[in-house]
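Here's the structure, in structure tokens; my notes come after.
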Amino acid sequence: DDRGEIDYMAKITVEKPRSLYWRKKIGAFLTHYLKSMDLSREDRNPLAYHLAHFPSNYRLYEHRTGNPHDPTIHTYLYGSRNGYRFRSPEEFYPHAAWL
């Protein structure tokens, strides 16, 4: 913009650390969730599992704003049919369990 600031969304690919962080958190939640429903046959360590990828049509993005040399970065997961964005793995947990 005219002030030299940025404001854009960038897709986070699966090999990026931020993607792995989200997938580990969601995988640990789902492992714990399935254990609590007694759907897991083994005693599994929730921290040992992560999602290989996000569900179909779900994509992780960074929203970068402000100074291009020191931007403010927020991460969002998009893909819900109702257009909702998830701002954290924890916010996605109920939806992941529903899926």
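See the values below:
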{"quantity": "Members of segment 43-87 found to be free of Cβ contacts under 8 Å to residues at least 12 places away in the same chain, under 14 Å from ARG18 (Cβ atoms) and either in a loop (DSSP other than H, G, I, E, B) or open to solvent by less than 30 Å² (accessible area, probe 1.4 Å) (or both), listed by number", "calculated": "PHE86"}
{"quantity": "Which listed residue is modelled with pLDDT under 90 and at positive phi, from ASP43, ASP38", "calculated": "ASP38"}
{"quantity": "Flag if TYR8 is modelled with pLDDT of 90 or more and more than 12 Å from the chain's Cα centre (by Cα)", "calculated": "yes"}
{"quantity": "Among (1) of a type outside the set (Lys, Arg); (2) touching a strand residue (DSSP E or B) at 6+ places or on another chain (Cβ under 6 Å); (3) in contact (Cβ under 8 Å) with a residue 40 or more places away in the chain; (4) open to solvent by 60 Å² or more (accessible area, probe 1.4 Å) - the single one GLU90 does not satisfy", "calculated": "(2)"}
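The values are calculated or read from the model by the stated rules, or taken from the named source; none is laboratory data. Predicted model, so just to flag it, every value in this text is computed and none were measured. A quick note on method: Cβ atoms are made from the backbone with ideal geometry, for glycine too, and the neighbour counts reach across all protein chains shown. The accessibility values were calculated without ligands, DNA or RNA, using every heavy atom of the protein model including side chains. Shrake-Rupley method; radii C 1.70, N 1.55, O 1.52, S 1.80 Å.
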